[in-house]
Every structure is written in C-alpha cells, then in structure tokens.
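Beneath this line is the structure, given in structure tokens, with notes to follow.
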Amino acid sequence: MLLGPNGAGKTTTVRLTTGAMTPDFGAIRVLGLDPLTNGDEVRARVGVVPPKPAFYDQLSGRENLAFAATIFEADESEANDAAARFGIDHALDQDVGGYSTGMRTRLALARAVLHDPEVLMLDEPTAGLDPESARSVLDLIAEMAGRGRTIVMCTHLLHEAEGIADHLVLLEDGQVRTSGDPKALTRKYMPDPIVIIDAEDMESLRFISELDGVLDIRYDGAMHVTLDSVDRVPDIVIEAVKRGVRPTRVEPLTPTLEDLYFEMQRTHREEQ
Amino acid sequence: MRWPMIKAVIRIDLYRLFKTKDYWIPLVILGGIFFVVLPIVLLGSLGLVQQSGAISQIGQIIGTLPEAIQQNIEGDNPATRASYAFAVYLLAPIAIVVPLTISSAVGANSIVGERERGTGEYLAHSPLTVKEIYIAKLIASLIPGYLAGIVGFALYALVVNIIVGPQVGGWFFPTVGWMLLVLWVIPPFIAIALSLILRLSAKVRSAASAHQASSLVTLPVILMSYAVATGLLYSPVISAAAAGFIAWIIAAVLLITGSKSIKRERLLGVSADA
C-alpha cells in the first residue's frame with residue numbers, strides 16, 4: 001500500500017510502473033520486466049484503476065467493457081464475469097454518463113481485472129464513494145488479494161484500508177521515507193505499548209505519572225499512558241485500587257494504520 | 001501492428017462521434033450547403049436566366065480558356081455552356097473543402113479530447129503502442145471526412161445531372177477528372193492535413209486550443225488543395241495522377257514521422273517534458 005499526502009508521488013509511481021511516464025532517473029522492474037523497454041508486455045499483465053476513472057460516457061457499460069476486452073485481448077465472457085463480480089452487471093446496458101460515482105468505480109474495477117492481471121494497481125479506489133460502496137469495494141479487493149493477486153493500492157483514507165495492507169510504503173516528495181510489513185513498522189515506530197485508562201474521577205489518576213516505567217502521558221478523552229512494558233499494567237491497576245481509585249477502563253491500545261502513518265510522518269519530519 | 005486493437009479504437013471513436021449529435025449535425029449541414037444547396041442555387045439560377053449580362057460574362061471567361069478545355073465544355077448555347085463550366089470546373093474545389101474541414105474538426109479533438117475526458121489515462125496504461133493509437137486516431141479522423149466527401153460527391157453528381165443533364169443531352173457527370181480528384185487526389189491532402197493536426201492535438205492543452213491551432217494547418221492546406229484541384233480539372237488526366245502521386249508521397253512521409261511526435265505522457269494530461 002502506497003501512503004502519503006497529496007503530491008507525494010503516489011499517482012506518479014503508478015504511472016511510472018506501467019511505463020505510461022518515463023522516469024528522470026532510476027530503474028523500475030515490474031514482474032521482472034522494465035516498463036520502459038517492455039511496456040506493452042507490462043501493461044498487458046497489469047490492471048490500473050486511476051483516481052478518477054474515465055469512460056466513454058455516451059457509450060454503455062457493456063460497450064466500454066467490450067472495448068477494454070478487445071484492447072486487453074480478453075473475451076466478452078470474461079468482461080461479463082468481471083462485471084458480475086463487482087456487482088455492476090445489472091447496469092451494463094445503461095450509458096455510463098448516467099452512472100453514479102459508485103457505479104463508475106465498480107465498472108472501473110471490472111474493466112481493470114477483466115484480463116485477469118497479475119498486478120492490480122488501485123489509485124484511491126474509494127475516493128468519493130459512500131461508506132457502504134467503499135466497504136464493498138474494499139471487500140472485493142481483499143477477496144482478490146486472497147486469490148493470490150498482487151494489489152498495489154494508493155490511499156489516504158487509512159481507516160478504510162485497515163487490515164488490508166501487508167506491506168506499506170510511505171512516500172513524501174517523491175521519496176520513499178520508509179516501507180515494510182505493518183507489524184514490523186509498528187514495532188519500529190511505536191515500540192512502546194500504550195494503555196488507555198479512564199476512571200470516575202480523572203484527577204485521581206494523576207499518581208500514574210510518578211510510577212516506574214511510565215514514559216509519557218497524554219489526554220485524548222481518556223488518559224493515554226505510554227509504558228516501557230505492557231507488564232506494568234497490572235501494577236498500575238493494583239496501585240489505583242490501593243489508592244481508592246475506581247478505574248472504568250483499562251485497555252491496551254492497538255495502533256491503527258492512521259496512528260502508524262502519523263507516527264512515521266512525525267518521525268521522518270523530526271529526522272529532517 | 002495489432003489491427004484488432006486498432007480497429008477497436010477506430011470503432012469506438014466513430015461510434016462516439018455518431019452518438020454525439022451536437023458534433024456531427026453541424027458538419028452534415030456544412031456538407032449539405034456545399035454539395036447540395038449551393039449547386040442547386042447556382043446551377044438553378046443559371047438555368048432560369050438564359051439571357052443576361054452574367055451569362056455573357058461567363059461566356060467571355062470561358063472564351064479565355066485554352067482551346068482544348070473549351071472543346072470539353074459541352075452545350076450548344078452560352079447558358080448551357082456556362083452551367084456545364086460551373087458544374088464541372090468552378091465548383092470542383094468544394095470536393096476538397098468539405099472533407100478536409102470535417103476531418104480536421106474530428107482530428108483536432110482526437111488526442112487532446114482523450115486527455116480532456118480522462119480516457120487518455122486508460123489508453124496510456126493499456127498495451128496499445130503509441131503508434132497504434134496514432135494510426136487508429138488518424139483513420140478514425142479520416143473516415144468521417146472521406147465518407148462525407150464520397151456521399152457529398154454522389155449527391156453533387158445527382159444534383160448536377162438533374163439540373164444540367166437535360167441541357168447537355170443526358171447524364172454527363174462525374175467526368176474522369178472528377179473521379180481522379182475524389183479517389184486519388186483528395187485522400188492524400190486529407191492525410192497531410194490530419195498528420196499535422198494530430199501532432200497539434202498531441203501538443204496543445206485543450207480541445208479549444210486544438211481547434212484554433214488546426215485552422216492554421218487547415219486553411220493553407222485547403223488553399224493549396226483548392227488551387228491544385230482547380231488546376232487539375234483543366235489539365236490532362238496524367239497531371240492529376242502525377243499530382244496525386246506526389247501528394248501521397250508527402251502524406252506518407254508526414255504520416256510515418258507523425259507517430260514519433262506523440263508521447264504516451266501526453267495522454268495523461270501532463271507535460272512530456274515534466
């Protein structure tokens with residue numbers, strides 16, 4: 001998954017990957033091929049869903065898919081299967097100009113996979129979708145990944161992408177700031193466990209800052225306590241009970257993709 | 001070169017054009033005016049006004065032409081000879097103006113139009129080579145113009161034969177010169193204009209700019225082809241064949257070099273130099 005703010009170079013990366021753009025310097029390999037010299041073969045084996053999928057709006061969904069099928073040397077039946085898989089088969093005879101954003105995204109996904117690409121590149125596939133459509137699209141992407149396809153997804157809607165990514169790349173100003181497995185990155189960038197603690201009287205929790213192993217405390221509705229080890233949690237609870245405090249919540253925080261993203265960005269900006 | 005893919009791009013371009021009535025209806029009206037309305041008005045007027053100053057003036061103009069050409073002008077009275085001269089010689093260049101204008105209008109929009117619609121992004125990520133896209137766009141732009149030329153030519157022939165035919169003793173049109181013009185000379189001129197217009201369409205940033213810029217190409221080509229067409233109709237057939245051959249050579253060179261002027265980045269809507 002490619003993460004990064006607007007202008008980081010996510011779309012450019014997709015374009016370079018298919019050979020649609022030429023890099024100023026550096027080398028790219030996709031499926032072992034150089035897109036600059038073997039662009040036609042790379043593009044035939046890759047499917048792309050651009051950020052704002054465009055179609056020939058005066059033509060029907062079926063006509064647009066038939067065109068794509070010819071370009072990618074696929075059968076019409078494969079196009080129909082793809083449309084059915086993404087739930088757009090019922091609208092194939094309508095002109096695409098009358099499609100909603102969700103329908104266009106589904107058609108774009110069907111168009112991108114009808115030739116059964118080995119790599120699927122999705123550039124902001126849920127942008128502009130309502131939550132239900134976005135969830136549905138993400139489920140379909142997860143299903144494709146489960147079938148062994150490589151999926152590269154650019155997004156800044158991190159909460160929607162939670163749990164999908166098995167490899168993250170943080171881009172900024174066209175540079176890879178960091179990359180790796182989300183769990184490994186979490187260990188690297190957020191190594192200290194955080195526990196959320198709340199009580200009937202928040203003031204009564206002030207004693208926690210004096211305890212051993214407490215590295216940091218911040219307030220975000222409840223107290224977020226950063227510890228040197230998760231083993232400190234029982235000690236905190238015992239001490240609270242001793243002091244007559246009535247805790248209402250003690251919950252280890254599992255960092256979200258968004259937490260990790262902001263932590264990675266913060267770390268790299270501090271390093272600069 | 002993968003022709004099924006090229007044909008798919010051509011088919012979708014033509015189908016899209018066919019479904020965009022706002023685009024082709026003005027072009028049909030343009031063809032109708034040049035091939036049908038104008039000849040009916042002019043030739044009909046000449047037929048009605050058998051004796052007038054205008055007829056004698058046209059007679060004087062015909063009298064200045066070389067003897068060989070004068071002998072080709074049929075009719076046994078000044079009005080008939082004037083009608084024949086109008087039908088065969090003076091209105092000839094319209095056969096070039098209309099198809100060139102139509103092809104230019106379609107061609108100017110072809111590549112920059114993909115970029116404006118966003119469909120260029122899809123083509124850029126597709127396995128189509130730039131050469132295949134260029135050839136498809138060229139043919140898709142050529143077909144409407146040439147089709148308009150052929151259909152218009154047939155209508156013009158019908159109008160001319162109906163109005164002037166009875167005066168000269170039957171159907172006389174098209175002449176060999178006209179056939180050569182339509183089938184051999186016009187196509188390379190359209191190709192020359194289109195090869196230049198597609199380069200422009202790939203360079204400019206909007207369809208509006210492409211249309212403006214294309215007039216810079218279309219007008220000189222129209223003027224040149226107008227002059228060539230007019231001259232060829234007065235010349236021996238061999239001259240027309242030779243002129244067509246030279247035009248085909250120029251067109252071939254421009255077409256071959258044309259595909260190299262288009263960069264894949266241009267379909268994405270970003271500068272190829274960026």
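Taken along its three principal axes, the alpha carbon spread of the stretch B:106-171 comes to 62, 20, 12 Å, from the longest extent down to the shortest. When the Cα positions of B:Ser195, B:Val28, B:Ile249 are compared along the charge dipole of the stretch B:3-268, B:Ser195 comes out farthest toward the positive end, with charges on each C-beta of Lys, Arg, Asp and Glu.
Taking each residue in A:31-43, count the Cβ atoms of any other chain within 10 Å of its Cβ, then average. What number comes out? Please list the in-between numbers first.
On the way: counts 0, 0, 0, 0, 0, 0, 0, 0, 5, 6, 1, 2, 7.
For this peptide, the per-residue mean of nearby foreign Cβ atoms is 2.
Seen through its C-alpha gyration tensor, with square-root eigenvalues sorted a ≥ b ≥ c, the stretch A:91-160 comes out oblate because a/c lies at 1.5 or above while a/b is not bigger than b/c.
Given 4 °C and 1.567 mPa s, how large is the Stokes-Einstein diffusion coefficient of the stretch A:174-272 in µm²/s, with Rh as the Kirkwood radius over Cα pairs? Reported coefficient: 87 µm²/s.
Shape verdict for the protein assembly as shown, please, from the Cα gyration tensor: rounded (a/c under 1.5), prolate (a/b greater than b/c) or oblate.
Values: a/c = 3.83, a/b = 3.42, b/c = 1.12.
Note, shape of the protein assembly as shown comes out prolate.
One chain, two ends: A:Ala142 and A:Ser77. Fully extended at 0.36 nm per residue, the span grows by 21.1 nm beyond their Cα-Cα distance. Ordering B:Val164, B:His211, B:Gln57 by Cα displacement along the dipole of chain B toward the positive end leaves B:His211 in first place; charges were set at the Cβ atoms of Lys, Arg (+1) and Asp, Glu (-1).
Comparing A:Thr70, A:Pro125, A:Ala82 along the charge dipole axis of the stretch A:68-142, the residue lying farthest to the positive side is A:Pro125, per the Cβ-charge model. For the stretch A:1-74, just say rounded, prolate or oblate: build the C-alpha gyration tensor, square-root its eigenvalues into a ≥ b ≥ c, call rounded for a/c under 1.5, and beyond that prolate if a/b exceeds b/c, oblate if not. Oblate. Between A:Phe262 and A:His90, the FRET efficiency estimated from the beta carbon spacing at R0 = 41 angstrom works out to 0.50. Once both labels are positioned 7 Å from their Cα atoms along Cα-to-Cβ, the gap between B:Met224 and A:Gln58 label points is 3.1 nm.
Taking max minus min of the alpha-carbon positions on each principal axis, chain A gives extents of 74, 44, 29 Å, largest first.
Distance between the C-alpha centres of the stretch A:37-61 and the stretch B:176-193: 37 Å, rounded to the whole angstrom. Between the alpha-carbon centres of the stretch B:77-123 and the stretch A:71-131 there is a gap of 38 Å. Taking a straight Cα-Cα cut-off under 19 Å and skipping sequence neighbours fewer than 8 places away in the same chain, the lysines within cross-link reach of B:Lys260 are B:Lys131, B:Lys137, B:Lys203.
No lab work stands behind these numbers, since they all come straight from the coordinates. Quick caveat, the model's predicted, so the values are computed rather than measured. As a convention, Cβ positions derive from the backbone with ideal geometry for all residues, glycine included, and neighbour counts pool all protein chains shown.
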